[in-house]
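Worksheet for the structure shown next.
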Amino acid sequence: MVGRCRGMPIAELSQVSLYYELYGAEDAPPLVLLHGATETFRTGWYKQIEAFSAQYRIVGPDLRGHGRSSNPANKLDLRQMADDIRELLHYLGYEKAHVCGFSGGASVALFLAVRHLSCLESLILVSNNFELDKVRTGNAQFWNIERILRDHPKWWESLTKMHQVSPGQLLKWWEEEDVKRPNFKPADLTHITVPTLVMGGDRDPIIPLEQTIKLYHALPNAYLSILPGMGHGAPRYRPHLFNRIVLDFLEYVQKKEAIP
């Protein structure tokens, strides 16, 4: 299974076919990287692969409906997407892994923790909302196709090359998922006791700083990192700082676990 990473590895899971990439030593601790909405593993994490794979076995899937992964359900549901990641870990032979998600991928990671905590060594949530009602109006504008075609034609063109489905279909799936997704309450997260790093930028136009701080306070074993002057996209726009913070956190977690 692992050797197929040089070709085009597809995990044929129970409800979806997930494309994934693997980097790093096979016996290194696994680190799953979950990309944001409308991205792929490669476009979302290309500035982290070299730094992270020096110490970890990188597992980089294209989320359901993105890139080369299928989406037979013809919709997006974060609970289902979290179940996909758990099944992928089992498919690859991993009982547990460190999981890092950015934006929409962080939402998938949080649902993974809520539903399948036993498969997590640690959790890293980057630019993730907590109270969806507080950002839903802005998200609706974000997914607006007319606005994107008018203001970001090059982004639209890149989406057509990046995914098997049309950009309009992908944006529609995310917009519909936003509408039906319930808010988390602090009580929903009290059982997430694995070490969790909550990261965000203090100038993020999509995820307000207060949401990052509320998420941090809702998690019982959380650490907070606020990047000054950073908007939405730390892995891409501040990669050296971002990589250092993540690697320092993971090193701390592993040293803490090694203490008898």
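Values in this text are rule-based calculations from the coordinates and carry no lab data. Remember, it's a predicted structure, so these values are computed and weren't measured experimentally. With ideal geometry, Cβ positions are generated from the backbone for all residues, glycine too; neighbour counts draw on all protein chains shown.
Remarks
- Förster radius 22 Å - calculated FRET efficiency between GLN254 and TYR46 (Cβ-Cβ, nearest 0.05): 0.35
- Label-to-label distance, nm, for residues given as ALA25 and SER166 (7 Å Cα→Cβ offset): 4.9
- Cross-link partners of LYS96 among lysines (Cα-Cα below 18 Å; sequence separation of 8 or more within a chain): LYS255, LYS256
- Annotation: the residues HIS66, HIS232, HIS163, sorted from fewest to most other C-beta atoms within 10 Å of their own C-beta, follow the order HIS232, HIS163, HIS66.
- Packing, taken as the mean count of other beta carbons within 10 Å per residue, orders the peptides 74-82, 104-112 from highest to lowest as 104-112, 74-82.
- Fully extending the segment from HIS217 to LYS96 would add 41.1 nm, taking 0.36 nm per residue of separation and subtracting the current Cα-Cα distance.
- Distance distribution note for the chain: the fraction of Cα pairs above 35 angstrom is 9%.
- For LYS161, the shell of other residues with beta-carbons less than 15 Å away shows a net charge of 0, using +1 for Lys and Arg and -1 for Asp and Glu.
- Net charge over other residues, Cβ less than 10 angstrom from the Cβ of GLY44 (K, R count +1; D, E count -1): +1
- DSSP assigns beta bridges within the chain; of those with both partners inside it, close to 25 percent run antiparallel.
- Neighbourhood net charge (11 Å Cβ-Cβ; Lys/Arg +1, Asp/Glu -1) for SER17: -1
- For GLN55 and VAL179, the FRET efficiency from 1/(1 + (r/R0)^6), where r spans their Cβ atoms and R0 equals 51 Å, is about 0.80.
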